[in-house]
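Novice: Below are the structure tokens for one structure; questions will follow.
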Amino acid sequence: MGIVHRFHQAIAVLSACLLATAASVTASAAAPAKPPATCTPGACAGQDPGQTGCTNDQTILDQVQRSGRTLRLMFSNTCQAAWAQLQGGQSTAQSSDTATIQDDRSHSQSSPVLVTGQTIQTKMINSTSVHLQACATLINDPVQLCTAFH
């Protein structure tokens, strides 16, 4: 009886170890590590936030909505850079919505909407010791849509 009892205990311990290993493998497979950003703070201006990996830790500093569009002021702490993101933009053969990121030192980046309904992002501007604002010029809307300065 002692051998059978020890055998059952060994099977229970082995099963618990296998379950713990499987859970660990599943957890690590579900959350692959994001690659590090390819630009460094102060050197990200003019680069694409998605292609540089700066979107990995993106945060929304501000957001405004109008006419079915959402304008966001985005920021990456790792890259110390910001960009504008416009969701639901409009475009026609004659004109298109345009998103712009600007700071209080006259630096800016703009991107037009090329396909109606797409989400666009501007290239980045460095955000060290400046105030930032995202704006959008919307077709068929005379008033520019802007976030507050941050």
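Novice: Give, as a single signed number, the net charge of other residues whose beta carbon lies under 14 Å from the beta carbon of residue 63, with Lys and Arg counted +1 and Asp and Glu -1.
Specialist: On the way: positive: 66, 69, 72; negative: 62.
That sum, taken over residues with Cβ under 14 Å, equals +2.
Novice: A further question on this structure: For region 48-109, with the dipole built from +1 on Lys and Arg beta-carbon atoms and -1 on Asp and Glu ones, taken about the Cα centre, which of 88, 102, 51 lies farthest toward the positive end?
Specialist: With unit charges placed on the Cβ atoms, the residue in question is 88.
Novice: Show 34, 123 ordered by accessible area, largest first, where the area counts protein heavy atoms only and the probe is 1.4 Å.
Specialist: Working: 34 135, 123 85 Å².
Final ranking, largest accessible area leading: 34, 123.
Novice: Here's a follow-up. Just by accessible area at a 1.4 angstrom probe, what is the order of 149, 75 from largest to smallest? Can you show the working numbers first?
Specialist: On the way: 149 105, 75 40 Å².
The ranking, largest first, comes out as 149, 75.
Novice: In what sequence, largest accessible area first, do 106, 67 appear using a 1.4 Å probe? Intermediate values should be presented prior to the final figure.
Specialist: Numbers: 106 110, 67 70 Å².
If we order 106, 67 from most to least accessible, we get 106, 67.
Novice: Then there is this: With a/c under 1.5 counting as rounded, go ahead and sort region 74-150 into rounded, prolate or oblate using the C-alpha gyration tensor (a ≥ b ≥ c being the square roots of the eigenvalues; past the cut-off, prolate if a/b is larger than b/c, else oblate). If you can, show how the numbers build up before the last one.
Specialist: Working: a/c = 2.60, a/b = 1.83, b/c = 1.42.
In terms of gyration-tensor shape, prolate.
Novice: Further question: Excluding residue 143 itself, calculate the net charge of residues whose Cβ lies under 15 Å from the Cβ of residue 143, where each Lys or Arg counts +1 and each Asp or Glu counts -1. List each step's numbers first, then the result.
Specialist: On the way: positive: 66, 69; negative: 97, 141.
Computed value for this residue: 0.
The values are calculated or read from the model by the stated rules, or taken from the named source; none is laboratory data. Bear in mind that the values here come from a model prediction, so they are computed numbers and not experimental data. Please note: Cβ atoms are built from the backbone with ideal geometry, for glycine as well, and neighbour counts cover all protein chains shown. With ligands, DNA and RNA removed, areas are computed over all heavy atoms of the protein, side chains included. Shrake-Rupley method; radii C 1.70, N 1.55, O 1.52, S 1.80 Å.
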